Amino acid sequence: MEDDKSIKRTDQNPQNSQKKKSLLQLSQTFSGPLPPPTVLEHYERILPGAADRIISMAEQQSKHRQEQESRIIKYSGRDSLLGLIFGLTIGLTAIIGGVMCILHSYAISGVILGGSGLAGLVGVFVYGSREKKEPSSEQSEE
């Protein structure tokens, strides 16, 4: 909320009979779910029960935000675990497929398939480890 009040004042200077104008501006701001107590009191005077409604609305919004944050954390962990499981499954399938190709006299195909599966697993592991370390180093710089 911003509250601007302006006061204009004109003074007469007897020495040179010029008018001086000055402007005084008062600005008030606040942030957060609730207005300052004085503003809340004005709402209550204008509309009885308004302060309770405003406070109730702020409490509901806070509860909703906390529930959303809990869901985000819960599903983020689930998604991360599912990604690891599926990635491991795909990588192991490629490696096993490569071994099977080699055992059935398809050495070049087996090496390519198994090697790409192994390289994929190693790459994801290294990339994932690096990504986990970067946010903590950024936080320590702040």
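List, please: which pairs have Cβ atoms under 6 Å, are six or more places apart or on different chains, and start with a residue in the stretch 85-109 that is under 15 Å from Gly120 (Cβ atoms) and surrounded by 12 or more Cβ atoms within 10 Å (Cβ to Cβ) and end with one that is among the small types (Gly, Ala, Ser) and at pLDDT 90 or above?
Filtered contacts from the stretch 85-109: Ile95/Gly114; Gly98/Gly110; Gly98/Gly114.
Evaluate the stretch 38-58: report whether one residue or more is at pLDDT 85 or above, among the hydroxyl-bearing types (Ser, Thr, Tyr) and surrounded by 14 or more Cβ atoms within 10 Å (Cβ to Cβ).
Yes, the stretch 38-58 has at least one match.
Before we move on, is Ser140 surrounded by 12 or more Cβ atoms within 10 Å (Cβ to Cβ) and either over 29 Å from Leu81 (Cβ atoms) or at pLDDT below 90 (or both)?
no
It is to be established whether one or more residues within the stretch 62-78 are in contact (Cβ under 8 Å) with a residue 12 or more places away in the chain, surrounded by 11 or more Cβ atoms within 10 Å (Cβ to Cβ), of a type in the set (Ser, Thr, Tyr) and in a helix (DSSP H, G or I).
Going through the stretch 62-78, the residues in contact (Cβ under 8 Å) with a residue 12 or more places away in the chain turn out to be 62.
Those still in the list that are surrounded by 11 or more Cβ atoms within 10 Å (Cβ to Cβ) too: 62.
With of a type in the set (Ser, Thr, Tyr) added as a condition, the list becomes 62.
Subset that is in a helix (DSSP H, G or I): 62.
Within the stretch 62-78, one or more residues are in contact (Cβ under 8 Å) with a residue 12 or more places away in the chain, surrounded by 11 or more Cβ atoms within 10 Å (Cβ to Cβ), of a type in the set (Ser, Thr, Tyr) and in a helix (DSSP H, G or I).
Using the structure shown, decide if Ser76 is farther than 30 Å from Phe125 by Cβ and at pLDDT 85 or above.
Values: farther than 30 Å from Phe125 by Cβ: no; at pLDDT 85 or above: yes.
When the stated conditions are applied, Ser76 does not pass them.
The values are calculated or read from the model by the stated rules, or taken from the named source; none is laboratory data. It should be emphasised that the depicted structure is a prediction, and the values quoted were computed from it without experimental measurement. Here Cβ is always computed from backbone atoms with ideal geometry, including for glycine, and neighbour counts include all displayed protein chains.
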